Amino acid sequence: NLEKGQQIRMRYTMMLSSGKIVEENVEQTFQLGDGEVIDAIDLAANLATVGEQFEVLTQSRFGYGVVGCPPHIGSNCSLLIIIEILQAEDTPKISDMTESERTKIGDRKRKIGNENFGRNDFERASKNYSLACKYLDPPSYAVQEEASDELKDLQAKSWCNLALSELKLEKFTSGIQALIERWKLIRSQQKLCTERGNFSSKREIFKRRRRLYDWQLKLEPKQSGMQTIFKRNCAKRSPMKRRRSKSCTRKCLIWKKRK
């Protein structure tokens, strides 16, 4: 049987329970058990062998769920999937991979994350972005070589995407950490520490800093509603702080008039 963590290449045809074909004879490579495909394929492929062809009839909770996959797959749709396993190979340790191998796997996970984000499945998007960062920007003890410009660009995109998906899930602590990792790629450590001191509160980073709103223009995936979401989160202020701010403003105006 196939094992979790292996790189699997399959060919599949997907259709609705009504018999309407959504995708036909599509080849795809994915890492088994990493959430790159819907749960129905992940679970069924784990019981298969190379060269085997099988059918999977799944309910929506193991498919695309309530969100669906517009425009062809609606909410709560059951699916019939015909799968053929073409190839399976073990995934090397990150420390044993070349930069091109890490880039290939990491970029694939990032793009899958973008697809999930585009259909508002932020949990799955966040998971794929996190795994993309694992391959694209591993710890220094695992990879010693200097990253190329292309790899640095993918690292920055992946960390920014992860920060945004965590923000959508209101996981502010992990969102801040992802932004810090992004800063490490473009700022000196000394400047990073100075700026980090300005964001001691979990939510402060999303409340007051205009730069976060400016960065959203560079984030992926680009969505029409993202600008509004980011602006709203940057502008959040507690009622107590708002009252204090208005009080201070009034006092300053009174003092100026007296002067």
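The values are calculated or read from the model by the stated rules, or taken from the named source; none is laboratory data. Remember, it's a predicted structure, so these values are computed and weren't measured experimentally. Cβ placement follows ideal geometry from the backbone for every residue including glycine, while neighbour counts extend to all protein chains displayed. We work out accessible area using only protein heavy atoms, side chains counted, and drop any ligands, DNA or RNA first. Shrake-Rupley method; radii C 1.70, N 1.55, O 1.52, S 1.80 Å.
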Of the candidates Leu179, Leu185, the one satisfying the condition of being of a type in the set (A, V, I, L, M, F, W, C), in a helix (DSSP H, G or I) and crowded, with 17+ Cβ neighbours inside 10 Å is Leu179
Taking first residues from region 34-55 that are free of Cβ contacts under 8 Å to residues at least 60 places away in the same chain and within 27 Å of Asp121 (Cα to Cα) and second residues anywhere that are part of a loop (DSSP other than H, G, I, E, B) and open to solvent by 60 Å² or more (accessible area, probe 1.4 Å), the pairs with Cβ under 7 Å that are 6 or more apart or on different chains are Asn46/Asn1; Asn46/Lys4; Leu47/Asn1
By residue number, the members of region 134-147 that are closer than 16 Å to Ile105 by Cα and open to solvent by less than 90 Å² (accessible area, probe 1.4 Å) are Tyr135, Leu136, Asp137, Pro138, Val143, Ala147
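Sort out which residues of region 43-57 are under 30 Å from Lys134 (Cα atoms) and open to solvent by 20 Å² or more (accessible area, probe 1.4 Å), and write them in order of number. Even if it seems obvious, please write down each step before you answer.
Of all residues in region 43-57, those under 30 Å from Lys134 (Cα atoms) come to 43-50.
Matches in region 43-57: Leu43, Ala44, Asn46, Leu47, Thr49, Val50.
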Taking region 58-83 and keeping only residues that are in contact (Cβ under 8 Å) with a residue 40 or more places away in the chain, touching a Ser or Thr at 6+ places or on another chain (Cβ under 9 Å) and open to solvent by 30 Å² or more (accessible area, probe 1.4 Å), one is left with Tyr64, Val67, Cys77, Ser78, Leu80, Ile82
If I filter region 80-88 for residues that are within 17 Å of Asn116 (Cα to Cα) and touching a Phe, Trp or Tyr at 6+ places or on another chain (Cβ under 7 Å), do I get at least one hit?
no
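Looking only at residues that are outside any strand (DSSP E or B) and open to solvent by less than 60 Å² (accessible area, probe 1.4 Å) in region 20-38, which one is nearest to Ala88 (Cα to Cα)? Give the steps one after another, and end with the answer.
If we filter region 20-38 for residues that are outside any strand (DSSP E or B), which is where we start, we get 20, 32-38.
Okay, now just the ones that are also open to solvent by less than 60 Å² (accessible area, probe 1.4 Å), so 32-38.
Details: Leu32: 10, Gly33: 13, Asp34: 15, Gly35: 17, Glu36: 15, Val37: 15, Ile38: 18 Å.
This residue is Leu32.
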Looking across region 85-109 at residues that are touching a Lys or Arg at 6+ places or on another chain (Cβ under 8 Å) and open to solvent by 20 Å² or more (accessible area, probe 1.4 Å), the single one that is farthest from Glu146 (Cα to Cα) is Leu86
Being polar (S, T, N, Q), assigned to a helix (DSSP H, G or I) and within 23 Å of Asn128 (Cα to Cα), is that true of even one residue in region 78-90?
-> no
